[in-house]
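In what follows, a structure is listed as structure tokens, so that the remarks can point back to it.
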Amino acid sequence: LAQEAPSQQADTWLYERVWTEKPLPASSEAITGTWLIVGGSNELADEVAKRIGAEGASPVVAAFGDSFTGIGNGRCSISVADESDYQRMLEAINDAECPLAGIIHLTGCEEASGVESTAAELEDRLQRSVFATFHLLKALAARGASDDTVRLVVLGKGGYATPYNSAAPSPSKAPLFT
């Protein structure tokens, strides 16, 4: 008996993710309200805050520390693992004159010294990226129904291999974008 050839060619059986660089679209939307910038390096967070402030919005930079310190001069500190710190931070922003308009989560942009070599390193990086994002989302949900929409932008690098980055992907960053 003669067998029929498969209807598909072999090159269609597999696929590969391909990253294509594209220019950002021009935005005519004004940035207003309070924008919370969580984590990331001080330099990156400060640059993002500077640009948001230049657009007329009010930036608040939240760094990871021992506990929630309150908001002063556009800065605060929160414990990465304490869910109540995220709630207190959002309450403090809501008490301010400008409503929360958006959150930019930068912890996925933190520089890593390569692939995590110990369980403690992996756990720390997961706390700062995946679990911090989860705690933030839970705190947002706990605020209850609101007429205000809060945008959440999660930025990262090193979670996947791309043609633009030859470094090994970081296991602690990949879950943010999976």
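Starting from the amide H of residue 152, placed 1.01 Å from N in the peptide plane, find each other amide H under 5 Å away whose residue is 5 or more places distant or on another chain.
103
Just grab the label-to-label distance for residue 79 and residue 151, each label 7 Å out from Cα along the Cβ direction, in nm (one decimal).
Using points 7 Å along Cα→Cβ, the separation is 3.3 nm.
Using the heavy atoms of the protein chains alone and a 1.4 angstrom probe, what is the accessible area of the range 23-96 per residue in square angstrom?
Solvent-accessible surface per residue comes out at 56 Å².
The values are calculated or read from the model by the stated rules, or taken from the named source; none is laboratory data. The structure presented is a predicted model; accordingly, all values stated were derived computationally and were not measured. Virtual Cβ from ideal backbone geometry, glycine too; neighbours counted across all protein chains shown. Accessible surface areas use protein heavy atoms only, side chains included; no ligands, DNA or RNA. Shrake-Rupley method; radii C 1.70, N 1.55, O 1.52, S 1.80 Å.
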